[in-house]
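Here is the structure we will look at, set down as structure tokens.
The values are calculated or read from the model by the stated rules, or taken from the named source; none is laboratory data. Owing to the predicted nature of the structure, the values given are computational and were not obtained by experimental measurement. Here the Cβ is made from the backbone with ideal geometry for all residues, glycine too, and neighbour counts use every protein chain on show. Ligands, DNA and RNA are excluded from the accessible area calculation, which covers all protein heavy atoms including side chains. Shrake-Rupley method; radii C 1.70, N 1.55, O 1.52, S 1.80 Å.
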Amino acid sequence: MIIANTLLSMVGELYYSKLRRASRHPRKAAESGLRHILSYAKDSEFGRKHDFAYILQAKDDNELYRRYREKVPVCNYEDLRPLVERHKNGEENVLFPGKPVLYTTTSGTTSKPKWIPITPEYLYNIYGKMTKVWLYNFIKNRPKVFSGKVFSVIGKLVEGYAPDGTVLGSLSGYTQGTCPDFLKVIYANPPCVSGIADYDSRYYVLMRRGIEQDVALIIAANPSSIVELQNNVEKYFDDYVDDIEHGTLKADLKIEPEIRAELEPMLKPNPKRAAELRALKAKFGEILPKHYWPNLQILNTWRCGNTRIYLDKFKDWFPKGMLHQEFGYFASECRFGLVLDDSLNTVLFPHYHYYEFVEESEVDSPDPHFLQVYELQQGKRYCMYITNTTGFYRYNMSDLLEAGPCFKKTPTVHMIQKLHGIVTITGEKLHEQQFIEAVRRAEQTTGLKTNFFIGFADLAIKGYRFYYEFSNPAVSQQQAEQFTAAVDEALMSINIEYKTKRDSLRLPLPETFRLQPAAFEAYKGQCHAEGARDGQFKLQLLLQDESRHTKFKQLVLK
């Protein structure tokens with residue numbers, strides 16, 4: 001641990017200093033960042049077609065941006081899909097020089113997943129240099145963060161292959177699996193655990209090994225994973241302790257034979273730790289992370305957007321003084337930056353990416369005004385368009401962001417919601433965040449509490465259907481309908497267009513449905529069974545999506 005701490009401090013400080021310098025001069029960094037990306041890709045097919053060489057002849061930054069906007073249109077993934085497919089089939093120099101070293105996938109607007117190419121250039125700078133800044137920043141915030149093990153929830157290193165043989169996998173799995181040896185020893189679990197297909201068994205192995213060790217840092221982007229892991233503890237605690245005592249791994253777990261063969265030699269009898277855990281259970285009854293990981297320094301998860309609904313579930317689970325740090329604005333297409341403190345604000349990488357922004361009010365405009373990163377105003381909301389070295393040029397992230405205070409002289413951002421987290425039946429343009437706020441208000445006015453809730457715009461009835469899993473399973477249908485009435489009233493006060501449509505009877509009162517206990521967990525289990533990866537599991541709480549709606553219809557109390 002001392003070696004890891006020392007080396008990360010030395011290397012991390014170097015790249016952190018470069019980030020500080022770039023952030024002091026965001027205008028200069030934006031220009032140099034874009035020039036670097038265009039120079040990198042100017043001889044690719046995309047670069048030649050869009051005159052990157054001509055754009056680079058610009059004499060100043062304003063001319064550079066003007067030429068770039070003239071020559072390169074805004075795009076989404078479907079615009080790039082044919083070019084990515086050519087890379088997948090072995091072609092070089094299409095979107096960027098050479099070929100990707102890795103693909104990762106994420107869901108898209110169509111039924112086909114998005115294959116995200118990761119280039120050597122991007123891997124080296126963003127998942128090499130800037131990851132070291134990320135780890136170094138943990139040390140800055142909590143100097144003892146590497147005094148214990150790192151418990152990380154990662155994706156599978158190899159999930160498949162492109163037609164040309166390039167690996168398809170997760171970036172988290174790739175970075176942990178290929179990190180230097182001095183870093184590999186700090187992890188509580190080896191990367192092979194992420195390859196266990198059965199999620200219940202995977203969580204068992206993660207926690208059976210994790211609970212045996214002194215964990216000081218948890219990295220799990222999706223906070224729903226924390227809830228699932230603790231559910232696993234409550235279900236299997238006695239089995240964990242027995243396995244720890246004897247150095248075994250439960251025989252009836254659904255673990256692939258090759259993974260079990262890799263794991264079992266790592267396990268040794270540990271009767272001392274087993275006795276400690278039994279004593280904790282006897283003392284506290286409900287055993288929580290603050291009991292079995294009392295030296296935990298940092299929990300690193302998303303806290304922005306709709307992931308906040310999970311935070312209340314575990315707010316009292318962890319040791320006092322632990323830092324719950326926001327994971328940061330992050331997507332498969334791009335790692336935009338890092339959160340460096342206890343705020344929600346992501347510090348951007350102006351020297352490695354080129355960012356463009358459109359104000360929220362202009363998102364639907366046919367000719368929006370594009371802003372540079374240094375033109376953002378704190379408190380205002382924007383849609384981001386990203387250019388980087390993975391072949392994404394003026395790529396619409398379809399995310400609504402809010403500008404925060406500056407890091408040095410560069411504005412920070414944090415996630416509000418996906419732009420398609422806005423649904424409309426008759427022009428009301430109801431936002432997911434408005435729905436969440438309305439439910440919270442209804443909880444306050446009615447005294448009823450929810451464990452989970454979700455709403456669907458249903459065009460068949462030209463109205464909304466709201467689904468609730470109440471904390472008290474005895475809540476009646478009549479009480480639930482009164483709860484919806486309170487939600488409806490709150491929505492009318494929050495969204496004037498919604499009120500207009502309700503007052504004019506163009507929208508009926510939303511329909512009400514009570515969900516079975518643990519409905520969210522059941523839904524998530526269905527998604528996992530269909531191939532969804534845990535780290536990418538993001539559920540919007542207001543949708544117009546009949547395939548997902550059907551799943552929740554099946555979870556309604558009869």
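For this structure, a couple of remarks:
- Length available on full extension from Arg260 to Gln516: 0.36 nm per residue minus the Cα-Cα distance, which gives 88.7 nm.
- Other-chain or far-sequence residues with amide H under 5 Å of Gln417's (modelled H): Leu400
- Relative intensity, log₁₀ I(q)/I(0), of segment 1-138 from a Debye sum that treats every alpha carbon as a point, q = 0.18 Å⁻¹: -1.14
- C-alpha center-to-center spacing [segment 255-278, segment 378-400] in angstrom: 45
- Relative intensity, log₁₀ I(q)/I(0), of segment 454-524 from a Debye sum that treats every alpha carbon as a point, q = 0.20, 0.28 Å⁻¹: -0.87, -1.28
- Note on the chain: with charges restricted to the Cβ of Lys and Arg (+1) and Asp and Glu (-1), its dipole about the Cα centre is near 1140 debye.
- Across segment 323-418, counting alpha-carbon atoms alone, Rg and Dmax equal 12.6, 43 Å.
- Förster radius 41 Å - calculated FRET efficiency between Glu489 and Ala529, Cβ distance, rounded to 0.05: 0.60
- The label point for Asp164 and the one for Arg440, both projected 7 Å from the Cα toward the Cβ, are 4.7 nm apart.
- 3J(HN,Hα) couplings calculated from phi for segment 139-148 with the Karplus curve 6.51 cos²θ - 1.76 cosθ + 1.60 (θ = phi - 60°) are, in sequence order, 5, 4, 7, 9, x, 9, 4, 9, 6, x Hz; Gly and Pro show x.
- Between Thr424 and Ser39, the simple label model (points 7 Å from Cα in the Cβ direction) yields a spacing of 4.4 nm.
- Computed with a 1.4 Å probe over protein heavy atoms only, the accessible area of Met322 comes to about 40 Å².
- Cα centroid separation, segment 403-428 to segment 294-324 (Å): 22
- Per-residue ³J(HN,Hα) for segment 426-436, Karplus 6.51 cos²θ - 1.76 cosθ + 1.60, θ = phi - 60°, Hz, x for Gly and Pro: 9, x, 7, 6, 7, 8, 4, 5, 5, 5, 4
- Between Val11 and Val185, the modelled labels are 1.5 nm apart [label points 7 Å from Cα along Cα→Cβ].
- Candidate residues Met384, Met415: accessible-area rank, largest first, probe 1.4 Å: Met415, Met384
- Over the chain: helical MRE at 222 nm, DSSP H runs n ≥ 4 each giving -39500 (n - 2.57), nearest 500: -12000 deg cm²/dmol
- Cα-Cα P(r), segment 193-282, percent of pairs per 10 Å interval: 16, 51, 31, 2
- Amide H contacts for Leu543 (H built 1.01 Å from N in the peptide plane; partners 5 or more residues away or on another chain; cut-off under 5 Å): Gly455, Phe456, Ala457.
- Label point at Lys553 placed 7 Å out along Cα→Cβ; residues across segment 457-476 whose backbone nitrogen lies under 20 Å: 457-469
- Computed packing ranks the peptides 91-100, 292-301, 148-157 as 148-157, 292-301, 91-100, most packed first, by mean other Cβ atoms within 10 Å.
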